[in-house]
Amino acid sequence: MDTGGIDEAIKKLTSLNCEGMYSSDFLLTWEKTDDELAAVFAVAEILRDMRRNNVSAKIFDSGLAVSIFRDNSTRTRFSFASASNLLGLALQDLDEGKSQIAHGETVRETATMVSFMAEVIGVRDDMYIGKGNAYMREVSRAVQEGYAAGILERRPTLVNLQCDIDHPTQSMADAMHLIQHFGGAERLRGKKIVMSWAYSPSYGKPLSVPQGVIGLMSRFGMEVVLAHPPGYEVMRQTREVAKENAAKGGGSFEVTHDMHEAFKGADIVYPKSWAPYAAMEKRTELYGQGDMAGITELEKELLAQNARHKDWECTETLMRETREGRALYMHCLPADISGVSCKEGEVAGSVFDLYRDALYREASYKPYVIAAMIFLSKVKHPADMLMRLLEIGRPRVR
Amino acid sequence: MDTGGIDEAIKKLTSLNCEGMYSSDFLLTWEKTDDELAAVFAVAEILRDMRRNNVSAKIFDSGLAVSIFRDNSTRTRFSFASASNLLGLALQDLDEGKSQIAHGETVRETATMVSFMAEVIGVRDDMYIGKGNAYMREVSRAVQEGYAAGILERRPTLVNLQCDIDHPTQSMADAMHLIQHFGGAERLRGKKIVMSWAYSPSYGKPLSVPQGVIGLMSRFGMEVVLAHPPGYEVMRQTREVAKENAAKGGGSFEVTHDMHEAFKGADIVYPKSWAPYAAMEKRTELYGQGDMAGITELEKELLAQNARHKDWECTETLMRETREGRALYMHCLPADISGVSCKEGEVAGSVFDLYRDALYREASYKPYVIAAMIFLSKVKHPADMLMRLLEIGRPRVR
Amino acid sequence: MDTGGIDEAIKKLTSLNCEGMYSSDFLLTWEKTDDELAAVFAVAEILRDMRRNNVSAKIFDSGLAVSIFRDNSTRTRFSFASASNLLGLALQDLDEGKSQIAHGETVRETATMVSFMAEVIGVRDDMYIGKGNAYMREVSRAVQEGYAAGILERRPTLVNLQCDIDHPTQSMADAMHLIQHFGGAERLRGKKIVMSWAYSPSYGKPLSVPQGVIGLMSRFGMEVVLAHPPGYEVMRQTREVAKENAAKGGGSFEVTHDMHEAFKGADIVYPKSWAPYAAMEKRTELYGQGDMAGITELEKELLAQNARHKDWECTETLMRETREGRALYMHCLPADISGVSCKEGEVAGSVFDLYRDALYREASYKPYVIAAMIFLSKVKHPADMLMRLLEIGRPRVR
């Protein structure tokens, strides 16, 4: 077994201060220190290399990974299932239905009831502005209280699998992809990354991807550009985060309404549809009033608004304007591919085809990123534990 | 590791005759001897202490735990999943749909088909009087026959996760809560426990909880009082059981129609809504005739009947009448909390708040009780096995 | 532990050339060599004996078994779950909904996204002629490409859990049943097996069972007779396969429209309803056009057509015409039993009763057959591995 890369990554991990992650949740990347994020990348890489070298990373003999998906999801569900399974946890879905937003007593009680043998809780709740992340914090408070009161023998930690504000498992997988692609986090310094809105015939996609991307990529000293038509602003809070990060990290953060301008000289482009924040807020309000007819009306308006920006498509012509005409194209998938999954969409089929392998590779990091988040929240001395697992060298497959 | 409590519990277990539980089902508490119930409590406690001490209780390397839920359930589902996982079994749901009551050939065949690698089958079937427990026995017969014929290499054992008659995993968890709370089963002797009907705005909850509670608690020498408005009788069979138990065990069993009277001097109160038995019988009959309109009509009547008893609420005033004004309040959860989950319900918000931790603790025993039931039905020499597991001391979490 | 039978089976396995199965899919039995099929039977038998002797067959420490069911299934689902669990894999369902047939990009992407930690993918897709097997090959191509590109670290192998053409896990379990029943594959030579159409009040059952049975049983030197009313032809391709197999293997393959004639002197009868191929083709066409009204109309026609052949029932009278009046009756279950599950059906209740144990035994082989298919596709030196597992002798249940 070639463990050269692993040894180096473990050395790196040893030098990082990630004690604060033990027994704590992963809800927003900007709540984590640089060291903590670096620890996630390091552990994710080690876990991947262990799996490649057929070394078991099973740290749990038993225990549940509870998933609460308040929106459909195949990819994130499988990533969470894969990560849990790699570490030895059994997945158990809590199917609450997505039509109702639970509050207070119900959240507290349900969170406790599903946690008696839970080690981790993964939550996806991205439908309504102001709700998803708040819900996660309610769940977190509940299990913390249950643990403090001695009702829960273990304190399950939470992983945000997408909320209204951030999508940390996505943006961290994206960042890991960039680190691997460019050969190290330090190589990202000075690179221009464009998070751009793109046209999609479908209605109101979550804002958490662009928000998560600008909130995270601005930490690596990159020139981060957020491009979108007027009216497609993201949450102010996340723009503030990006600005502060850029100021601290020696990079920059800019917003533009010109896709062409944005793409010029870009090293990385991430064109993707999302709903305008104002509309999402209005939708949440209508929802709160139970005004489903209003929501349907709003959706129509949004689709009409979208349709005025069909030229926001990632075409070959546009790609030619990027650095040497070959910026790295990114997407969280599935993409709306023009002429393939829809008539007119986010990206030209020819562009997508060129980057398919890269896109699939980007996605392939997510299970490891989630496993690393769980690992760091459940293991007090992660480097020691990984070295022990390597020493034991139990084969994952006989 | 402090195993003082464990050692004592194992010593206790060794003194109990629980051989009859091996390879047999857990369908009704009153089919079990006192020793057998004590064994469940002992094993549940040991398994909990092992988990607290990070010792693996995995006795299965592979094998399925099949769950058949003919009614929705989050809590019991998670308890069963947790228990199975703790012992090393993978949960596999049989989703039969709750709209049809399978019979004869279909039950026999399906039971066999899902059992080729099953170690345990958990069934919840509580919707229709005369059906749920009968269904479980059909399943049990089928797997027994399959085993006898050499078709099934192992005989999966059944755990009743709630039927029309009893809810043994609930009542056993409740009893374990009392034993832990009062400091031993022998301390329950002479205590007054009130299983009381309470108003709920929701329709026809199962009778299995009150029936299970009077059928079990009457065995510990307690003064068991069943309180409900006229018309909310429970099954005669379970009242007979409670009477006999009380006679044998030196306690008492009484029925009253006065909630205030019942609460006087009570050590423990368990106020909870349920449907009147006669109505549930009528419902089963209508169901058998496929008369869905009739069922809807019946539901309306029941709600109107319920509404005449809104004063059956567990208030602070009422609690003051209990022993020293601080009886232990119990509930199987979720409760209908006045002003919280509904306008008027089973319990005042202030009472519920006071007992929240206790209620969550009550619920926390269920996974261990289920695990103990499985353990005792699958392990021939339970005390020896537990000692071996402790000796091996395999960590549950590395 | 008596491992006499296991030793012999491993010796047999050692003599077989089954290298080609490593890292490859199991999609159609006629794509496999005789040695490869014999290897499946041998490994299935060994795995069963290991389980009987309480020896763990867990070769995976972690890893997912992904199931894609595009049609409802209890039995096959449980068989796949059991097989996966026996080997150490966790089941993860991909719930795509059965209403749409995914194509091209979507299939490729989804297949990759669910495979990052998958070891095996089981697919059931039997609804539309020309679609199911083609879909499986699309999935297979996708994961092969992902593996070749280094995106997937492992190449998940596919198991066909029923398609439009073949139902290899069923027919292989059926064949294993015959081998066990008659005492060896060589004893099947010369036996007459009748795959017969039978009347069912239900609409259009898949053709894959009769097709799979004639495509496989024709390899063992048996006299294979396919009996059905005119209009109930199966796919020409599978009849060709049966003819060729019979020619090669020294048996015969004949088609008749007379159930009585077919049953005469039969050693084995397999009476079962299926839809006429022409109708299934038309249905697929209508489906392609989105003509749901047309499909409903077609279903009515098919039911009317079926109703003209109510005399195609496996009765006691008919059974008397078989060899010594006691041919082995087979069915993939569930059967439409006259007077039990329907008024008039495929088989008389009295015949079914006589063979119940045998039918359940037939079904009991499926989990082992699937486990063997997975085992052979994931383990390079299967005989060595099995010997090692036996040597280690880890108990499956403590």
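When we screen A:Val379, A:Val351, A:Val397, A:Val347 for residues that are facing another protein chain (nearest Cβ under 9 Å), under 24 Å from the mean Cα position of the chain (by Cα) and modelled with pLDDT of 95 or more, the only hit is A:Val379. Checked against (1) surrounded by fewer than 22 Cβ atoms within 10 Å (Cβ to Cβ); (2) assigned to a helix (DSSP H, G or I); (3) in contact (Cβ under 8 Å) with a residue 40 or more places away in the chain, B:Glu8 passes all but a single condition, namely (3).
A single entry from A:Gln144, A:Gln162 fulfils the requirement of being modelled with pLDDT of 95 or more and at negative phi: A:Gln144. Considering only region B:225-265, state which residues are in a loop (DSSP other than H, G, I, E, B) and closer than 25 Å to B:Ser200 by Cα. B:His228, B:Pro229, B:Pro230, B:Gly231, B:Tyr232, B:Glu233, B:Val234, B:Met235, B:His257, B:Asp258, B:Lys264, B:Gly265 - these are the residues of region B:225-265 that are in a loop (DSSP other than H, G, I, E, B) and closer than 25 Å to B:Ser200 by Cα. Checking region C:289-305 against the condition returns no match, with no residue being more than 29 Å from C:Trp197 (Cβ to Cβ), of a type outside the set (A, V, I, L, M, F, W, C) and touching a strand residue (DSSP E or B) at 6+ places or on another chain (Cβ under 7 Å).
Cβ separations smaller than 9 Å between residues 6+ apart or across chains give no pair from region B:140-163 residues that are within 10 Å of another protein chain (Cβ to nearest Cβ) and among the polar types (S, T, N, Q) to residues that are open to solvent by 10 Å² or more (accessible area, probe 1.4 Å) and in a helix (DSSP H, G or I).
Taking region B:266-282 as the range and being surrounded by 14 or more Cβ atoms within 10 Å (Cβ to Cβ), more than 20 Å from B:Ala358 (Cα to Cα) and out of contact with any Leu (no Cβ under 8 Å at 6 or more places or on another chain) as the test, only B:Glu281 passes.
Among the conditions (1) within 18 Å of the chain's Cα centre (by Cα); (2) polar (S, T, N, Q); (3) in a helix (DSSP H, G or I), the only one that C:Thr106 does not satisfy is (1).
In region B:247-262, the residues that are under 14 Å from B:Cys314 (Cβ atoms) and among the hydrophobic types (A, V, I, L, M, F, W, C) reach residues that are in a helix (DSSP H, G or I) and modelled with pLDDT of 95 or more with C-beta atoms within less than 8 angstrom, at least six apart or across chains, in these pairs: B:Met259/B:Leu318. The residues in region B:49-77 that are open to solvent by 20 Å² or more (accessible area, probe 1.4 Å) and in a helix (DSSP H, G or I) can be counted, and the count is 4. Test C:Phe80 against the criterion of being closer than 25 Å to B:Asn85 by Cβ and part of a loop (DSSP other than H, G, I, E, B), and give yes or no. No; evaluated as a whole, the condition is false for this residue. Tell me, yes or no, whether region C:317-332 has at least one residue that is more than 23 Å from B:Val114 (Cα to Cα), within 14 Å of chain B (Cβ to nearest Cβ) and modelled with pLDDT of 95 or more. Within region C:317-332 (the criterion being more than 23 Å from B:Val114 (Cα to Cα), within 14 Å of chain B (Cβ to nearest Cβ) and modelled with pLDDT of 95 or more), the answer is no, since none of the residues qualifies. Within region A:375-388, being within 21 Å of A:Ser79 (Cβ to Cβ) and either in contact with a Ser or Thr (Cβ under 7 Å, 6 or more places away or on another chain) or without any contact (Cβ under 8 Å) to a residue 60 or more places away in the chain (or both) holds for A:Ser377, A:Lys378. For region A:106-117, filtered to residues that are of a type in the set (A, V, I, L, M) and more than 8 Å from chain B (Cβ to nearest Cβ), the residue that is nearest to A:Phe60 (Cα to Cα) is A:Ala111. Pairs meeting the criteria (first residue in region A:342-354 and closer than 23 Å to A:Arg308 by Cα and in contact (Cβ under 8 Å) with a residue 24 or more places away in the chain, second residue assigned to a strand (DSSP E or B) and charged (D, E, K, R), beta carbons under 8 Å, at least 6 apart or on different chains) are A:Glu346/A:Lys272.
A count restricted to region C:55-87 and to residues that are closer than 18 Å to C:Glu391 by Cα and within 9 Å of chain B (Cβ to nearest Cβ) stands at 5.
The values are calculated or read from the model by the stated rules, or taken from the named source; none is laboratory data. Computed from a predicted structure; not experimentally measured. Counting neighbours? That spans all protein chains shown, and the Cβs are built from the backbone with ideal geometry, glycine included. Side chains are part of the model used for accessible areas, which takes the heavy atoms of the whole protein and leaves out ligands, DNA and RNA. Shrake-Rupley method; radii C 1.70, N 1.55, O 1.52, S 1.80 Å.
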